[in-house]
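Reviewing the structure listed below.
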Protein chains: 2
Amino acid sequence: MNILITAGGTSEKIDAVRYISNHATGRLGKIIASVFLEQTDTKLTYLCSKQAQYPVDTRARVIFIDSVTDLKAQLEHLLTTEKFDAVIHSMAVSDYTVTQSFPSEDLFQHFAQLGASAHLADKTSAQLLDWFKESYQSFTPNALPKKISSKSADLFLALEQTPKIISAIKSLQPQTILVGFKLLVGTSDEHLVKVANQLLLKNHCDYVVANDLETIHGKEHHAWILDAEGNTQHCWTKEEIAQSIFQKIYSK
Amino acid sequence: MNILITAGGTSEKIDAVRYISNHATGRLGKIIASVFLEQTDTKLTYLCSKQAQYPVDTRARVIFIDSVTDLKAQLEHLLTTEKFDAVIHSMAVSDYTVTQSFPSEDLFQHFAQLGASAHLADKTSAQLLDWFKESYQSFTPNALPKKISSKSADLFLALEQTPKIISAIKSLQPQTILVGFKLLVGTSDEHLVKVANQLLLKNHCDYVVANDLETIHGKEHHAWILDAEGNTQHCWTKEEIAQSIFQKIYSK
């Protein structure tokens, strides 16, 4: 079987030295990889961040990526040049990327300059909101500097949504078995399963692993595995999650 | 000799899973530690981030910290309970910490609501700027959520300055030999040395290591070591920087 696993977390540059990232370690991804590699016919591609844990095995090709843009390019390349029996997308992908950084005063100065010659007194609250949105469009602080100066008392980082990586997978390879992951923090089981199910339907996943950061402690890793038929399976450890994913894919 | 080294980079939480950090690896800090540990009478404390490289030696006490707040508390504790012959502060400390996150529209909505009943038409550009600053003071988005939703099209992260850690060191231990570090990106040698010298004077450093990210490649690590008497020494590798710092401290 030819398996593609993504693991760890992406990171988005703020400047040459700073970045936004997340605490994903790749530990679960590595355990999933090791379960598949117990089968002698497994060929495995493992896409991960440089800090992530990864399998060391001659049948595992490890590819390192940093940002969502890297991940997207690499994933599109792989999915258009190679056929995978399954894609296990456990990587924590940044939802936002940094587009600008500026002291809050720079933005307020922009509004004040435009506002002095606009007829703000004639506007309702709703019209003012539109005016702010429009005026923000023409706010162009300097491009991200090589290294942001620490002199300003405060700073705004403007972030925009990254493209949804998971939605491209089934479009590029409709026949592959897709396993998605949903991590929430401090929520109820009902809400978690509901949100995970939305992810499954929207992205045509075959399975989604739903988990909550607050019930992950060391080896203990509480998760639900949902499938497209509405079944849910309860797992209690990373090993159990990995074995369950393997069984489901192997028997499909 | 009793030596305190800080190394790696701090990280600042955005929410339970996301954070802002920097690319500091602790590699130089570890090499400096190893040079000091070649002396049998060295006792060493090594404060670093969890991702950083650190010395493995029975005479090295390693303490892990995450945020600037952690670093400050730990450093103050150490400097008020123990006497250090030298403090080598190579850690890349976040200049800013995250205080709020919100969709830009929430802020504009706040301005629009206040603006509808303010007499904005009567104000000059300078008065408007004051009005924006004042109105921003009363903007209180929800506290940082456990995990920021990915639904909003954009996001602003509001950051505020962290306390300057280095300035506290000589206040707490005036007799210690303090080595500061200054990293810039893509600047001239003249500017780098000037900025490093300002750091030295402001924080009563005995030495400052001035380096530029663009002249650090693997083993090659270009740096100037400045002292309070106006001397500068040129180094070309991490090993050379470490040896120079050791010599200066040991012979002082």
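Taken together, the values in this text are just the output of simple stated rules run on the coordinates, not laboratory data. None of the values given here were measured: they were computed from a predicted structure. A quick note on method: Cβ atoms are made from the backbone with ideal geometry, for glycine too, and the neighbour counts reach across all protein chains shown.
Brief remarks on what is shown
- Ordering B:Glu240, B:Glu190, A:Glu214, A:Glu12 from the fewest to the most neighbouring beta carbons within 10 Å gives B:Glu190, A:Glu214, B:Glu240, A:Glu12.
- Computed from point charges on the beta carbon alone (+1 for Lys and Arg, -1 for Asp and Glu), the dipole magnitude for the protein assembly as shown about its Cα centre is near 760 Debye.
- Across the identical copies, the label point of A:Lys164 (7 Å from Cα in the Cβ direction) is separated from its matches by 4.8 nm, in order from shortest.
- Acute angle (nearest 10 degrees) that the helix B:27-37 long axis makes with the longest principal axis of chain B, alpha-carbon atoms: 30 degrees
- Sum of side-chain charges, A:Asp66 neighbourhood, beta-carbon under 10 Å (Lys, Arg +1; Asp, Glu -1): 0
- In percent, rounded to a whole number, the relative contact order of the stretch B:99-160 is 74, using alpha-carbon pairs under 8 Å and six or more apart.
- Label geometry 7 Å along the beta-carbon vector: A:Gln175 inter-copy distances in nm: 7.8
- Rotation relating B and A, chain A residue nearest the axis via C-beta, angstrom: A:Ala121, 2
- The stretch B:53-114: GluC sites (Glu not before Pro) in DSSP coil with no more than 14 other Cβ atoms inside 10 Å: B:Glu82
- For chain B, a simple Cβ point-charge model (Lys and Arg +1, Asp and Glu -1, everything else neutral) yields a dipole of about 580 debye relative to the Cα centre.
- Contact order, relative form, for chain A: 19 percent (alpha carbon pairs under 8 Å, 6 or more residues apart, mean separation divided by residue count).
- Surrounding net charge for A:Tyr250, when Lys and Arg each add one and Asp and Glu each subtract one, Cβ distance under 12 Å: -1
- The protein assembly as shown: antiparallel DSSP beta bridges as a percent of all, rounded to 5: 50 percent
- Between copies, the label points at B:Asp70 (set 7 angstrom from Cα along Cα-to-Cβ) are spaced 2.3 nm, reported in nanometres from shortest to longest.
- Positive-end extreme of charge dipole, the stretch B:99-160 - chosen from B:Ala121, B:Ser150, B:Thr140 (charges on Cβ): B:Ser150
- Charging the Cβ of each Asp and Glu at -1 and of each Lys and Arg at +1, and nothing else, the dipole of the stretch B:99-160 about its Cα centre rounds to 280 debye.
- Reported value for the stretch A:1-151: 160 Å³ per residue, from the convex hull of its C-alpha atoms.
- Note on chain A: Rg/Rh from C-alpha atoms, Kirkwood Rh, equals 1.08.
- Principal axis box of the stretch B:68-189, alpha-carbon based, largest edge first, Å: 62, 37, 34
- Net +/- balance of residues flanking A:Glu240 in space, Cβ distance below 11 Å, scoring K and R +1, D and E -1: 0
- Across peptide B:17-30, the average count of Cβ atoms from other chains found within 10 Å of a residue's Cβ is 4.
- Relative frequency of Cα-Cα separations exceeding 28 Å in the stretch B:106-252, percent: 50 percent
- Annotation for the stretch B:79-108 versus the stretch A:161-203: alpha-carbon center distance of 35 Å.
- Under conditions of 25 °C and 0.890 mPa s, the stretch B:184-249 yields 205 µm² s⁻¹ as its translational diffusion coefficient, taking Rh as the Kirkwood radius over Cα pairs in the Stokes-Einstein equation.
- Alpha-carbon radius of gyration plus Dmax, which is the widest Cα pair, for the protein assembly as shown in Å: 26.0, 78
- According to the Cα-based calculation, Rg over Rh for the stretch A:99-160 is 1.04, with Rh computed by the Kirkwood formula.
- Under 5 Å between amide hydrogens, built in the peptide plane, is the criterion, and for B:Phe181 it picks out B:Val209 among residues at least 5 positions away or on other chains.
- Taking the DSSP beta bridges with both ends in chain A, the antiparallel portion is around 45 percent.
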